[in-house]
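Here's the structure we're looking at; comments come further down.
The values are calculated or read from the model by the stated rules, or taken from the named source; none is laboratory data. This is a predicted model, so every value here is computed, not measured. Positions of Cβ are generated from backbone atoms using ideal geometry, with glycine treated the same way; all protein chains shown enter the neighbour counts.
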């Protein structure tokens, strides 16, 4: 379902797609990107999309909403087709949507929800839109440094890096042994490891476009964990917004949605032609894990992800969602 742009809009010069735009970093990014062109808002909740679209349009800017569940590859295929049908002058894509579950769930295909939402969905959307993006367009993946087992702040809180075995194993919720003791950490780190590897692979195999990744920093005020308890949500809403700004000068990895959005927007609208760059929370180039920097691993993630997603291509061509199939 698409919510159209206002009929009073003049000719659009550039349009940018943003997934997960209704809260946190995604919302802050959508509001900043709207200053540079029309924003295509891609998210699950029609009501929240409509509210954000109206907020943007009240500022004299422009947006269009496309409903999509990134954990459902058929919904992703449908959304990509709807975006293409809009015939907007697309200039970039931000793969921002993501979740971290402490109580893992599965989609209707039996795939781990975190891996499906954070890696498979963004990959499928990117792959579907690449043919319709003009030369020089920017694609930005919002990833996480917790994929690196040598990342000291991540290790300190219990992460043990990505535990990738294969795309199929990850979809099942199977990870390399020796991982985190905290439920949900391995699925999140592995999904971000695969997403980052795919971004670097896309950069090498599709040189006409620009593919980059951004580590947004530790954003304590966002609702990344959909199943976080009431206490954590209270801290996110009332305590962390006051605490984080005071601590940011002393803790480098701390960030806020607005600062993360500034970095993401800068990379998205950059016309320098840079590709295959991984940026930190301040917009400086950084290094991923040893594994994710290996071109052979990048190519394996690319190939295995495409192979896995091809298993549901018949559903997509039939225009059926996972929910339809499971009924």
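Take the stretch 44-82 and flag every residue that is in contact (Cβ under 8 Å) with a residue 60 or more places away in the chain, out of contact with any helix residue (DSSP H, G or I) (no Cβ under 6 Å at 6 or more places or on another chain) and closer than 30 Å to residue 171 by Cα. Matches in the stretch 44-82: 75, 78, 82.
Scan 145, 154, 124 and give me the residue that is touching a helix residue (DSSP H, G or I) at 6+ places or on another chain (Cβ under 8 Å), crowded, with 21+ Cβ neighbours inside 10 Å and modelled with pLDDT under 95.
One residue alone meets the criteria, 154.
Each row is one residue, and each column tells you yes or no for (1) modelled with pLDDT of 95 or more; (2) touching a strand residue (DSSP E or B) at 6+ places or on another chain (Cβ under 7 Å).
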site	(1), (2)
278	yes, yes
282	no, no
294	yes, no
301	yes, no
317	no, no
325	no, no
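Every test in (1) more than 21 Å from residue 143 (Cβ to Cβ); (2) at pLDDT 95 or above; (3) assigned to a loop (DSSP other than H, G, I, E, B) is passed by residue 307 save one, and that test is (3).
Residue-wise test of (1) more than 29 Å from residue 109 (Cα to Cα); (2) surrounded by 24 or more Cβ atoms within 10 Å (Cβ to Cβ).
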site: 24; (1), (2): no, no
site: 31; (1), (2): yes, no
site: 35; (1), (2): yes, no
site: 42; (1), (2): no, yes
site: 46; (1), (2): no, no
site: 70; (1), (2): no, yes
site: 75; (1), (2): no, no
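Of the residues making up the stretch 131-147, none is without any contact (Cβ under 8 Å) to a residue 24 or more places away in the chain, over 17 Å from residue 311 (Cα atoms) and in a loop (DSSP other than H, G, I, E, B).
Of all residues being in contact with a helix residue (DSSP H, G or I) (Cβ under 9 Å, 6 or more places away or on another chain) and part of a loop (DSSP other than H, G, I, E, B) in the stretch 255-274, which is modelled with the lowest pLDDT? Just the residue, please. My answer is 255.
Within the stretch 164-203, the set of residues being outside any helix (DSSP H, G or I), free of Cβ contacts under 8 Å to residues at least 24 places away in the same chain and more than 24 Å from residue 214 (Cβ to Cβ) comprises 165, 174, 175, 176, 177, 178, 179, 181. Per the conditions (1) exposed (fewer than 15 other Cβ atoms within 10 Å of the Cβ); (2) touching a helix residue (DSSP H, G or I) at 6+ places or on another chain (Cβ under 8 Å); (3) closer than 19 Å to residue 276 by Cα, the sole criterion not satisfied by residue 135 is (2). So, residue 24, is that one on the phi > 0 side of the Ramachandran plot and in contact (Cβ under 8 Å) with a residue 40 or more places away in the chain or not? Yes: the conditions hold for residue 24. Against the criterion of being modelled with pLDDT of 95 or more and within 24 Å of residue 258 (Cα to Cα), residue 88 does not qualify. Within the stretch 275-303, being more than 19 Å from the chain's Cα centre (by Cα) and in a helix (DSSP H, G or I) holds for 295, 296, 297, 299, 300, 303. Restricting the stretch 92-121 to residues that are within 17 Å of the chain's Cα centre (by Cα) and surrounded by fewer than 24 Cβ atoms within 10 Å (Cβ to Cβ), the residue that is nearest to residue 311 (Cα to Cα) is 113.
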